[in-house]
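Participant: Questions regarding the structure given below will be posed in turn.
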Amino acid sequence: MANKLQLRRRKILDLLSQVPISSTQQLAESTDVSTETMRKDLDALAEEGRIIKVHGGVALANIASEIPFDLRAKENVNLKIKIATVAARLVEKGDAILMENCTTNLELAKVLAQDPELLQTLVIVTNSFAIASLFNSGGLCQRLFFLGGWVSPQEHATHGYQTTKMMDEVHVNKAFISGAAISDQLMITGYYDDDVAFQKTAMQCADEIILMLDSSKFGKNALLTVAHLSDMDYLVTDRSFPKEQIKEITAMNVSYILAQ
C-alpha cells in the first residue's frame, strides 16, 4: 500500500499531466504542503527522471519537447554558452555545416556571428528560423540553405518528412546535433519521431557528427532511439558529465571536449 509520500508524488505527476508547466508554489498549494517540502519532492522526481526543471517551474519529462523553444532557451543558459563556445572551435574556414533547430545550436550561431571573417566562408544548412535570422537569412555567411517543410510556430522551425527528404540531397563537413537524453548505456534518445528522423538523417549526410549535450541530460531515457554515442565523432559537454563514462567514451574512439 502506498504511503503518504508516494501518494503525494503521484498527485504531483497527475497535476503536471494536466498543465505544461507548474511552479513549486502552485504544486505546494495544490498538495497542501510547504514549498520546502515540495522542493524536496521535485528534486526526488527530477532525480528519478520523471520531471524536468524549466524556466518558470517544472514539467513532466516525457513532454519535454512540448515545452516551447523560447522557454527551453532559458534553461542552463550558461552551460549552453560554454558548450557552444568550445564547439565553435571545431568549425574551420570553408566548412559546410548543418545546424539542427536546438537551443545549444542557437548559442553556437551567436558565437559564430562574432567571427565575421570565419562566418563569411561558411555554408550553413539549417531548419531553424532563429538561426537563419541571426545570419541575416544568409547575408552574413557565404551561403545559407534552408530546409523546408511543415512549420512549427512553437519551435520556430520546419520539421517532418519533406524536411528530412531535402537533407538527402545535402552533404556537409560537420553536423551539430543535440539530444533530449542520454542513458547510462550511452544511448542517445529523443521524444518525437520528427526530431529523431532529422538527427538520423543528419548523421548520414555529414563527414563528422558533433553531439552537444549538457550533463543534465545524462542518465535519462526518452522514448525513441537516435543512436549510440559510439556513432558520434565528437561529444562536447560540461565538466559535470560522469567521470566513469569518460573512460568508456575514450575506449570507443569518440573525441570528447569538456567545456570549462
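The values are calculated or read from the model by the stated rules, or taken from the named source; none is laboratory data. In this text, all values refer to a predicted model and were calculated from it rather than measured experimentally. Neighbour counts are summed over all protein chains in view; Cβ atoms, including those assigned to glycine, are modelled from backbone coordinates with ideal geometry.
Participant: Report those strands (runs of 3 or more DSSP E) wholly inside the stretch 111-170 carrying at least 3 residues which are in the same structural domain as residue 100 (by TED's automatic domain parsing), among the β-branched types (Val, Ile, Thr) and crowded, with 20+ Cβ neighbours inside 10 Å.
Facilitator: 123-126
Participant: Please work out which residue is modelled with the highest pLDDT, limiting yourself to the stretch 206-247 and to residues that are closer than 22 Å to residue 79 by Cβ and among the charged types (D, E, K, R).
Facilitator: 233
Participant: Now for a different question. Is there a residue in the stretch 239-252 that is touching a helix residue (DSSP H, G or I) at 6+ places or on another chain (Cβ under 6 Å), within 17 Å of residue 80 (Cα to Cα) and either acidic (Asp, Glu) or in the same structural domain as residue 168 (by TED's automatic domain parsing) (or both)?
Facilitator: Looking through the stretch 239-252, at least one residue is touching a helix residue (DSSP H, G or I) at 6+ places or on another chain (Cβ under 6 Å), within 17 Å of residue 80 (Cα to Cα) and either acidic (Asp, Glu) or in the same structural domain as residue 168 (by TED's automatic domain parsing) (or both).
Participant: Looking at the stretch 73-93, is at least one residue more than 22 Å from the chain's Cα centre (by Cα) and at pLDDT 95 or above?
Facilitator: yes
Participant: For the stretch 175-260, which strands (runs of 3 or more DSSP E) that fit wholly inside it have 1 or more residues that are in contact (Cβ under 8 Å) with a residue 60 or more places away in the chain and over 26 Å from residue 160 (Cα atoms)?
Facilitator: 234-238, 255-259
Participant: Can you find a residue that is in contact with a Ser or Thr (Cβ under 6 Å, 6 or more places away or on another chain), in a helix (DSSP H, G or I), surrounded by fewer than 21 Cβ atoms within 10 Å (Cβ to Cβ) and assigned by TED's automatic domain parsing to the domain that holds residue 160 anywhere in the stretch 83-105?
Facilitator: no
Participant: Right, something else. Could you tell me which of the residues 30, 22 is within 27 Å of the chain's Cα centre (by Cα), touching a residue at least 12 places away in the same chain (Cβ under 8 Å) and over 24 Å from residue 189 (Cα atoms)?
Facilitator: None of the other options fit; the residue is 22.
Participant: For residue 138, all conditions in the list (1) on the phi < 0 side of the Ramachandran plot; (2) more than 15 Å from the chain's Cα centre (by Cα) hold save one; what is the number of the exception?
Facilitator: Against the list (1) on the phi < 0 side of the Ramachandran plot; (2) more than 15 Å from the chain's Cα centre (by Cα), residue 138 comes up short only on (1).
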